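First comes the structure, then the notes that go with it.
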Amino acid sequence: MATILGKSAIDIAFKERERQKSFNYPRLRYMGSKYKIIPYLTSILSQYKFSTALDAFSGSGVVSYSLKEMGKQVTANDFLNFPATVARALIENSGTVLNENDIKTLLQPNKDGRNFIQNKFEGLYFSKEDHEFLDALWSHLPTMNKYKRALAIASVCLAAARKQPRGVFTITDFRYDDGRRSLRLPLKALFLEAVEEYNDAVFDNGKSNKVICSDVFNIDSRQFDLVYLDPPYAPPKDDADYIKRYHFLEGLSVYWEGMKIMEHTKTKKIEKRFTPFAYKRTIHDALRRLFYKFKDSMLVMSYSSNSVPSEVELYGLLKEVKRDVQVYSIPHTYSFGTHETALRRQAEELIFVAK
Ligand SMILES: C[S@@+](CC[C@H](N)C(=O)[O-])C[C@H]1O[C@@H](n2cnc3c(N)ncnc32)[C@H](O)[C@@H]1O
């Protein structure tokens, strides 16, 4: 695509490509996940000097994890509970794992007879046995410490996502067979695999890393050298509604406590969480407010070329608060499959760095 912006192509070092092979972040299919471009992103970031970083829209947590691996003091934020729980397990947590005893406890029969999931989701998503397992697992969580609980919740969410076609909860027919091995395995077995992956990924980078679960506009902006911004851009078609796709994981992460299920919906989804970034009408103003809010930090922004606003408009908005704006172009194929996949495959992934 022709553009008036001068872009720098990225030459990732061999070392970086090799590093991706050993990257052991438990992979979750999440809309807009930057999993595939991590080597490029870290290659760009390593050119700049910074010690503290905010991943303001952390999603799957993979960017926060890379920043942690780079030895930075990381704060991960997302306004949804499920991404915040994943970040608590692997970003904030520096050494706690689920040991054999914990796992044994988690697999015990239902401790308090709770049956919310079995009742509410009967006939949807998973089998009766899987729903019983989810209720029983949750009955053991309240007495665990916060990092063990986060690891168990992150693991069970990953297991549930892997058992669902394309990892999303917009389809309610649990017999839908797209040939995956994970469809045939009981959730309990997928959970045990996920626990192993999460345990393996826990590490200490010597810094005090933190998780926030808040709207980005409520964060105290004064403490970060660098702020990484990856909001849910308004796509040309379709939508960027995370709750529509991941409502089951969001509910499961807190056992639906305090959440309102829209009972008339076939998917039994929870209420949508409004964000101004997901709509063409409101995204310009939201981005401007965001850039002003974090204007004292270096801003690193992920952007896909087929989104709204255009890359030229985005450049202009960043120029309102920053003198120096660099644009990097990444060859990228979207990993997330939707009806729009063919279209989005053509998208060019850009990284704006504004100082
Ligand atoms: C494109 S995804 C981020 C993907 C992430 N960088 C990754 O690699 O997985 C955008 C995220 O922003 C979150 N989000 C949307 N609006 C928000 C807001 N106003 N404040 C905080 N988080 C928000 C969504 O819940 C979603 O997880």
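A short reminder: the numbers here are calculations on the coordinates, not readings from a lab. Computed from a prediction, not measured in an experiment: that's the story for all the values here. Counting neighbours? That spans all protein chains shown, and the Cβs are built from the backbone with ideal geometry, glycine included.
Could you state the angle between the C-alpha long axis of helix 187-201 and the longest principal axis of the C-alpha atoms of the chain, as a value from 0 to 90 degrees rounded to the nearest 10? For 187-201 against the chain, the angle is about 40 degrees.
Dipole size of the chain about its Cα centre, with +1 on Lys/Arg Cβ and -1 on Asp/Glu Cβ: approximately 300 debye, rounded to the nearest 20.
Hey, what's the per residue convex hull volume over the C-alpha atoms of the chain, in cubic angstrom? Walk me through the numbers before you get to the answer.
Working: hull volume 49.6 nm³, N = 355.
Roughly 140 Å³ of hull volume per residue.
Rounded to the nearest 500, the 222 nm mean residue ellipticity of the chain from helices alone is -11000 deg cm²/dmol, with -39,500 (n - 2.57) taken per DSSP H run of at least 4 residues.
Neighbour counts of C-beta atoms inside 10 Å place 131, 284, 264 in the sequence 264, 284, 131, starting with the fewest.
Work out, step by step, the length gained on full extension between residue 282 and residue 103: first 0.36 nm times the residue separation, then minus their alpha carbon distance; give nm to one decimal.
On the way: separation 179, 0.36 × 179 = 64.44 nm, distance 4.57 nm.
So the chain would gain 59.9 nm between residue 282 and residue 103.
The order of 60, 51, going from fewest to most other C-beta atoms within 10 Å of their C-beta, is 51, 60. Here the Karplus curve 6.51 cos²θ - 1.76 cosθ + 1.60, taken at θ = phi - 60°, turns the phi angles of region 121-136 into couplings of 10, 4, x, 10, 6, 10, 6, 4, 4, 5, 5, 4, 4, 5, 4, 5 Hz, with x standing for Gly and Pro. Each Cα pair under 8 Å and six or more residues apart adds its separation to the average, and for the chain the resulting relative contact order is 21 percent. The order of 28, 183, going from fewest to most other C-beta atoms within 10 Å of their C-beta, is 183, 28. Within region 25-69, the trypsin sites (Lys or Arg not before Pro) that combine a DSSP coil assignment with at most 11 other C-beta atoms in a 10 angstrom radius are 49.
Electrostatic tally near residue 143: other residues with Cβ closer than 15 Å to its Cβ, Lys and Arg +1, Asp and Glu -1, net +4.
A simple rule links phi to the HN-Hα coupling: the Karplus curve 6.51 cos²θ - 1.76 cosθ + 1.60 with θ = phi - 60°, which for region 78-86 gives 8, 7, 9, 5, 5, x, 5, 5, 4 Hz, with x for Gly and Pro. In sequence order, region 34-50 has phi-based couplings of 9, 3, 5, 9, 3, x, 5, 4, 5, 5, 5, 4, 5, 7, 10, 9, 6 Hz under the Karplus curve 6.51 cos²θ - 1.76 cosθ + 1.60, θ = phi - 60°, and Gly or Pro positions carry x. Site-free segments of the chain were taken between GluC sites (Glu not before Pro) in DSSP loops having at most 13 other Cβ atoms within 10 Å, sites themselves excluded; the longest one is 123-256. Distant-in-sequence amide contacts of residue 212, defined by a placed amide H-H separation under 5 Å and a gap of 5 or more residues or a different chain, comprise 76, 77, 78.
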